[in-house]
Amino acid sequence: MQLKLALPKGKLLNPTAAWLGGLGLKDYKEGSRCYRLSPPHLPLLAKVFQERDIPIQVAIGNYDLGICGSDWVEELLAKYPESPLVKVKDLGYGRQGLYLASSSLSPFSSLEDIQGYDQPLRLASEYPHLMEAMALKLRLKRFKLFPLWGAAEVYPPEDAELILLATPSPSWLASQRLKPLTCLLTISAFLIANRNSWEEKDLGAILPSLNKEGGKEKVTPEEEVEGGELPLYQEEIKLALPDGHLQPYTLEFLRRAGLDTQSYAQGNRRPSLGLPRVGVKVIRPQDMPLQVAGGNFDLAITGKDWLLNHLYQFPSSPVEEVMDLGYGRVRIVAVVSRDLPINDVKELRDFLQQGHLPYLRLASEYVNIADKFARENHLSRYKIIPTWGASEAFLPEDADILIENTQTGQTLAQHNLKIIDTLFESSACIIAFKNSLNIKGEKMEWVIHALKRGLT
């Protein structure tokens, strides 16, 4: 009987690779695009996912075992406490704390200060379920929760009063001009299992190997960082710039516009562009439409794909595109395995109607685009599987179709995938908060004009 193991990308990849080295998973390493690893001496199929996807995959039974941080296990259990997950073993590496923090300028010094606060509180986190559970437990009087894809540390004090984020130490929070209010839980890497697999399958062939001592994560002494007070923020225009794959293109665009890009190039989350009375933050492009809609930013540079994904969920959102920048072009495509006898959407619909699948499993980071695609193409009986990246790993075992972005299609071809439809083309664009366009019209036009110089 073959067992299935879900392995993490990102920060846990290298220490997990060292720990699993004795199992023969030699191709599991940084930069590897090989998602299917089968050591010959074990009845084991291993695939690599974004860490936060792993508890979900194990809970729904797609995988018998998984390795991920305990923070993502607790995040899933906060919303679905009856999920069939078993924590098998604390692997002893990837240790961090999950901290509730506020700006060093905030009036909060303890949980009691928060509980006695009678003004609305803005909460932001990658862990929205844990954040909401904590807010309810503290009986906060009024709060608004912003779910994030990342970079929570940059939101206080202007865009959130409280954040929940993982960090190795409070000293890192101090370096970001934040102060910890409490450590919600201690995080480490865990081997987890699906409860049904644990009870019904013979895991004896793999668990003795997994329980042995593996490689050790290298731990280096922490450097204490001197913190200072943040300046008071009085910018008239708030601009969000992207991190991730859009950042190099945006950096070149801003250079062509004649702006000061040094701090942005150095990875500063609060760079200066040399534009007077313009405050800049670097956040995830996925978060920008919702943040602009909430009035936290006047302008942002994001991808049209993320703008449409937002507007499909909130058609009346006060966000609009003001300029197509033309760079970072990708196609949003529907993708299936090459082994599936389907070449277009009509054949997919016929395949479903003929009863070859009980229902269609549709995986994507773009959950609202995927839902619209399924509805418009009458793909009845479908289920959306949200992902957080590395989506090509889901096909064909864990999903039937993928809505993904691609530039050349080469990566898809390397994973034995084929495109059956192109939904639309996306590129970077400037989006704006409609109220800011009305209220700060002249100042907004000045900033947009300054950015427009980067167009060629």
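Could you go through the range 407-420 and let me know if any residue there is assigned to a strand (DSSP E or B) and under 13 Å from E365 (Cα atoms). Give the steps one after another, and end with the answer.
First pass over the range 407-420, keeping only residues assigned to a strand (DSSP E or B): 417-420.
From the residues that got through so far, the ones that are under 13 Å from E365 (Cα atoms) too are none.
Checked the range 407-420: no residue is assigned to a strand (DSSP E or B) and under 13 Å from E365 (Cα atoms).
Are any residues in the range 336-352 more than 17 Å from G409 (Cβ to Cβ), touching a residue at least 12 places away in the same chain (Cβ under 8 Å) and not aliphatic (A, V, I, L, M), and if so, which ones?
D339, E347, R349
Return the only residue of E347, E365, E320, E376 being in contact with a Gly (Cβ under 7 Å, 6 or more places away or on another chain) and either on the phi < 0 side of the Ramachandran plot or among the aliphatic types (A, V, I, L, M) (or both). So that I can check it myself, show each step before the final result.
Values: E347 fails: in contact with a Gly (Cβ under 7 Å, 6 or more places away or on another chain); E320 fails: in contact with a Gly (Cβ under 7 Å, 6 or more places away or on another chain); E376 fails: in contact with a Gly (Cβ under 7 Å, 6 or more places away or on another chain).
From the options E347, E365, E320, E376, the qualifying one is E365.
Please work out if Q291 is surrounded by 14 or more Cβ atoms within 10 Å (Cβ to Cβ) and outside the structural domain of E397 (by TED's automatic domain parsing). Let's see the steps before the verdict.
Working: surrounded by 14 or more Cβ atoms within 10 Å (Cβ to Cβ): yes; outside the structural domain of E397 (by TED's automatic domain parsing): yes.
Spelling it out, Q291 is indeed surrounded by 14 or more Cβ atoms within 10 Å (Cβ to Cβ) and outside the structural domain of E397 (by TED's automatic domain parsing).
Based on what the data block shows, is G21 modelled with pLDDT under 80, part of a helix (DSSP H, G or I) and not assigned by TED's automatic domain parsing to the domain that holds A393? Spell out the reasoning first.
On the way: modelled with pLDDT under 80: yes; part of a helix (DSSP H, G or I): yes; not assigned by TED's automatic domain parsing to the domain that holds A393: yes.
Yes.
Within the range 110-118, is even one residue surrounded by fewer than 16 Cβ atoms within 10 Å (Cβ to Cβ), under 21 Å from T167 (Cα atoms) and not assigned by TED's automatic domain parsing to the domain that holds E200?
yes
The values are calculated or read from the model by the stated rules, or taken from the named source; none is laboratory data. Here the structure is a predicted model, which is why all the values come from computation and not from measurement. Cβ sites come from the backbone with ideal geometry, for glycine too, and all protein chains shown count toward neighbours.
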